[in-house]
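A.B. asks: Sharing a structure with you now.
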Amino acid sequence: MRHTIGQSHIRHEHGQVAERLYHDYAGVVGLDALVEILRLWQSRRSLRRQMERDMHSYNDTMFEDAGMTREEAEREVRKPFWRA
């Protein structure tokens, strides 16, 4: 099954991510917050690995449809999992 660049690859500005994290985790404290952050990191790691595996088969039109360039996608997959 082929994967395409989709909703899960949406880019966010740093401020948007910080605001979303604040709202998502504002009511969560202690161990629950840590678990949620670890889940977020695992999700990012998994998504970036999948994107790295699949992007070599994408053409420029597919990147355009997703609103990014090949270079932007390559930068995204090189980011560490703890960075938004």
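A.B. asks: At 10 °C and 1.306 mPa s, what whole-number value in µm²/s does Stokes-Einstein give for the translational diffusion of region 28-84, with Rh from the Kirkwood sum over Cα pairs? Show your work: numbers first, answer last.
C.D. replies: Working: Rh = 12.6 Å.
It diffuses with D of about 126 µm²/s by this estimate.
A.B. asks: Go through region 73-84 residue by residue and turn each phi into a ³J(HN,Hα) via Karplus (6.51, -1.76, 1.60, θ = phi - 60°); whole Hz please, and just put x for glycine and proline.
C.D. replies: Residue by residue, region 73-84 yields 5, 5, 5, 4, 6, 7, 5, x, 4, 7, 9, 6 Hz.
A.B. asks: Between Leu40, Ala73, His56, whose Cα lies farthest towards the positive end of the dipole of region 28-84 when Lys and Arg beta carbons carry +1 and Asp and Glu beta carbons carry -1, centred on the Cα centre?
C.D. replies: Value: Leu40.
The numbers here are math on the coordinates, done by the rules we state, and not lab data. Quick caveat: nothing in here was measured; it's all calculated off a predicted structure. Please note: Cβ atoms are built from the backbone with ideal geometry, for glycine as well, and neighbour counts cover all protein chains shown.
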